[in-house]
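The structure under discussion appears below in the form of structure tokens.
The values are calculated or read from the model by the stated rules, or taken from the named source; none is laboratory data. Because the structure is a prediction, the values reported are computed rather than measured. No Cβ is skipped: glycine too gets one built from the backbone with ideal geometry, and neighbour counts run over all protein chains shown. The accessibility values were calculated without ligands, DNA or RNA, using every heavy atom of the protein model including side chains. Shrake-Rupley method; radii C 1.70, N 1.55, O 1.52, S 1.80 Å.
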Amino acid sequence: MESKLLVALAATAVAGAAAGFWAGRRRQARPSHPLPDEERLAWLQRLSTIGQMMSGVVHEVRTPLNTVILNVELAQRTLDRGEDARERLQTAAREADRAVEILSDILDFAKPSPLDLKPQELRPLLLGALEPLESRFEERSVKTALIAPQGLQVKASARHFHQVVTILLMNSLDALPFGGRVQVDAERKGEIVRVTVRDNGLGIESEVLSRLFQPFASGHPEKGGTGLGLNVARWIMAKHGGDVTIASDGLGKGTSVTLTLKAA
């Protein structure tokens, strides 16, 4: 009985947060008075662009919400065994909060607002992105490895950087339908830190690779990818004073994605 109540509460919390968030955004988006024809056309074009982005928004938010669902289900099984499920429920709560943050980030995508960059130790940031996805990697028989020195610091917005690494990890997971390996490496060269996410998955054809950062381009459209994730990642990294680059030797030869950002 207690486990069912916890599942219901988790689902209600996620739905309530999303509903409140979108209600506020709808109030902001609606014009308060009739617009001249020229402004009305611009407004309609903006709405059209937002509509086109919605499939990408769903794609981005689906990752944390799926993690919420998985961890709530695992918590229910843990409670049924009479064991402590707090760790699973805490992960679900964190990922529900992150889903709302992602919605905010995407809707602020075009605004020229700076991120709050602070010195952050890199290894805990990378672990913070890897750990919520562990159960999903295990389900797919994907092994993960993190090679990052202790004490290495970067200038970063923790939650935005978390989002970028999660995007890359999920892309790697999508490229490994039958198991494989994902490795995250971090190193410092002078004042620049490089973080590379490598997988030995499906790989990307060269002609597709050259247009991956075009709006709504996807390396694997047959898997439901929209291409918005990489654009969001590049936007976030640009605001960190860094960049995102992608390399692949072709189909079946895996993919490497490298983030660059400033050392603290």
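Restricting attention to region 114-147, and to residues there that are of a type in the set (Gly, Ala, Ser) and open to solvent by less than 70 Å² (accessible area, probe 1.4 Å), which single residue is farthest from the chain's Cα centre (by Cα)?
In the first step, residues of region 114-147 are kept if they are of a type in the set (Gly, Ala, Ser); the result is 128-129, 135, 141, 145.
Narrowing further to those that are open to solvent by less than 70 Å² (accessible area, probe 1.4 Å): 128-129, 135, 145.
Numbers: Gly128: 12, Ala129: 9, Ser135: 16, Ala145: 19 Å.
Among residues in region 114-147 that are of a type in the set (Gly, Ala, Ser) and open to solvent by less than 70 Å² (accessible area, probe 1.4 Å), the one farthest from the chain's Cα centre (by Cα) is Ala145.
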Residues that are aliphatic (A, V, I, L, M) and either under 20 Å from Leu133 (Cα atoms) or at pLDDT below 90 (or both), at least 3 per element: which strands (runs of 3 or more DSSP E) completely within region 173-264 meet that? 180-189
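Rundown of residues vs (1) at pLDDT below 85; (2) open to solvent by 70 Å² or more (accessible area, probe 1.4 Å), yes/no style:
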site	(1), (2)
Gln28	yes, yes
Glu39	yes, yes
Met53	yes, no
Leu70	no, no
Glu101	yes, no
Ser104	yes, no
When both residues are 6+ apart or on different chains and their Cβ atoms are under 9 Å apart, which pairs have a first residue that lies in region 237-260 and is in contact (Cβ under 8 Å) with a residue 12 or more places away in the chain and acidic (Asp, Glu), and a second that is open to solvent by less than 60 Å² (accessible area, probe 1.4 Å) and assigned to a loop (DSSP other than H, G, I, E, B)? Asp249/Gly203
Which pairs have Cβ atoms under 8 Å, sit 6 or more apart or on different chains, and link a residue in region 119-141 that is of a type in the set (Phe, Trp, Tyr) and part of a helix (DSSP H, G or I) to one that is open to solvent by less than 60 Å² (accessible area, probe 1.4 Å) and at pLDDT 95 or above? Phe137/Val182
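Tell me, which residue of region 75-91 that is of a type outside the set (D, E, K, R) and not in a loop (DSSP other than H, G, I, E, B) is least open to solvent (accessible area, probe 1.4 Å)? Step through it out loud before you land on a result.
Narrowing region 75-91 to residues of a type outside the set (D, E, K, R): 75-76, 78-79, 82, 85, 89-91.
Going one step further and asking which of them are not in a loop (DSSP other than H, G, I, E, B), we end up with 75-76, 78-79, 89-91.
Details: Ala75: 2, Gln76: 56, Thr78: 17, Leu79: 44, Leu89: 48, Gln90: 104, Thr91: 17 Å².
Filtering first and then ranking leaves Ala75.
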